[in-house]
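Notes for the one structure printed next.
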């Protein structure tokens, strides 16, 4: 063990917002054991790679990084600075398990997304010389066993925060590994969420994004002893003093119920931005993906929300080159994008995920065709994003300042529509929501001036 009394943990986060949240909670779980977070891997007593398994070759990227970690570990020990413990967490850990330790003996600890509340105990076993693999789904609720971050630590993380309210997915889309790595849908209780959100607000957090693999399937037990919906939860959160902005991600069209749609017109704290993945505009491909909704179902949801809140910005996810996708299927996706007019969207080539039904489909699309389709789709999405950003020119908006900008005297913030906004402003405005006029549109940011 290192001669220093204070131990340092370095967490590298891959993938989604939930992994960002999980990484912070790992640091919280380790704090009572004497660990503090560091951004310098070279001084770390404990290194955790918090991994994502959604994209192709995710595991190979982790093994490549572990090769680099092995060199750092050997160099540290050669300098006589004590042992560096290396752990792999997250969805690759859940999927690969024992195989990680076999392929990368440098790894001391492997644990899945449902086990990180046990980190101090797992590290005790590692300190005794054991290689520890913990990928079972524990019976206890990890959130009941996680210590809260101190107010000082929360303040250091800024004025925006993620808050996991739901985990897992029961939808079993034919391309997706989430049900296998994150498990069945589970929702936290309303009381648990309100307590965490209140602590965040007390520490200066002004905006919270509620997270879930399928967040609008939320059905946590309420104070009245019955399950609450996401719309009810949002309503309760909107009453917390100091909490001015609410968002939620990621949603499934099948779970956009009437109450949640109405919330976009009723709850002023709910930001006018909705990420609602559709994946394809072809009914044939949607059926093959096991999405259990149609193109028309999706468009009707957006139509209803825009009637309640005409200013809402839509975001989405798209997969091109799904097995069996024809030129017409792809054109159906392009026509849906033209009809919706997205403010921002994510798009990917289909990648085979072992163990999923889509991986067994016989008609796999040639990589060259996938790349051509992706380029064409991204060109359209980029045009739409630029058009949406351009529509903000000359308008005034509330901007939440999150951090210092790249230039001296500049602060960087986010608009209600999740755009980056750069403004010349004094540093004492950090964490504040300020009225700003947009005078210039950049490639990746809006530029504003204080009013």
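The values are calculated or read from the model by the stated rules, or taken from the named source; none is laboratory data. No experiment lies behind these values; they were computed from the predicted model shown. Using ideal geometry, Cβ is built from the backbone for each residue, glycine included, and neighbour counts are taken over all protein chains shown.
Just one residue in the set 107, 88, 92 is in contact (Cβ under 8 Å) with a residue 24 or more places away in the chain, outside the structural domain of residue 220 (by TED's automatic domain parsing), part of a helix (DSSP H, G or I) and under 25 Å from residue 353 (Cα atoms); that residue is 92. Of all the residues in the stretch 32-57, those that are in a helix (DSSP H, G or I) and either touching a strand residue (DSSP E or B) at 6+ places or on another chain (Cβ under 8 Å) or buried (at least 18 other Cβ atoms within 10 Å of the Cβ) (or both) number 3. Quick one: would you say residue 129 is on the phi > 0 side of the Ramachandran plot, surrounded by 15 or more Cβ atoms within 10 Å (Cβ to Cβ) and part of a loop (DSSP other than H, G, I, E, B)? No, not satisfied. When we screen 157, 182 for residues that are at pLDDT below 95, within 18 Å of the chain's Cα centre (by Cα) and within 24 Å of residue 33 (Cβ to Cβ), the only hit is 157.
Please verify whether the stretch 76-84 includes one or more residues that are under 26 Å from the mean Cα position of the chain (by Cα) and crowded, with 22+ Cβ neighbours inside 10 Å. Scanning the stretch 76-84 turns up no residue that is under 26 Å from the mean Cα position of the chain (by Cα) and crowded, with 22+ Cβ neighbours inside 10 Å.
Restricting attention to the stretch 167-202, the residues that are surrounded by 20 or more Cβ atoms within 10 Å (Cβ to Cβ), touching a strand residue (DSSP E or B) at 6+ places or on another chain (Cβ under 9 Å) and part of a loop (DSSP other than H, G, I, E, B) add up to 5.
Under the condition of being touching a helix residue (DSSP H, G or I) at 6+ places or on another chain (Cβ under 6 Å) and assigned to a loop (DSSP other than H, G, I, E, B), the residues counted in the stretch 293-311 number 3.
When every residue of the stretch 321-341 is checked against the conditions, none turns out to be at pLDDT below 95, assigned by TED's automatic domain parsing to the domain that holds residue 275, outside any strand (DSSP E or B) and in contact with a helix residue (DSSP H, G or I) (Cβ under 8 Å, 6 or more places away or on another chain). Restricting the first member to the stretch 350-369 and to residues that are at positive phi, and the second to residues that are part of a loop (DSSP other than H, G, I, E, B) and surrounded by 11 or more Cβ atoms within 10 Å (Cβ to Cβ), the beta-carbon pairs closer than 9 Å and six or more apart or on different chains are 355/177. Checking each residue in the stretch 411-436 for being in a strand (DSSP E or B) and exposed (fewer than 15 other Cβ atoms within 10 Å of the Cβ) picks out 424, 435.
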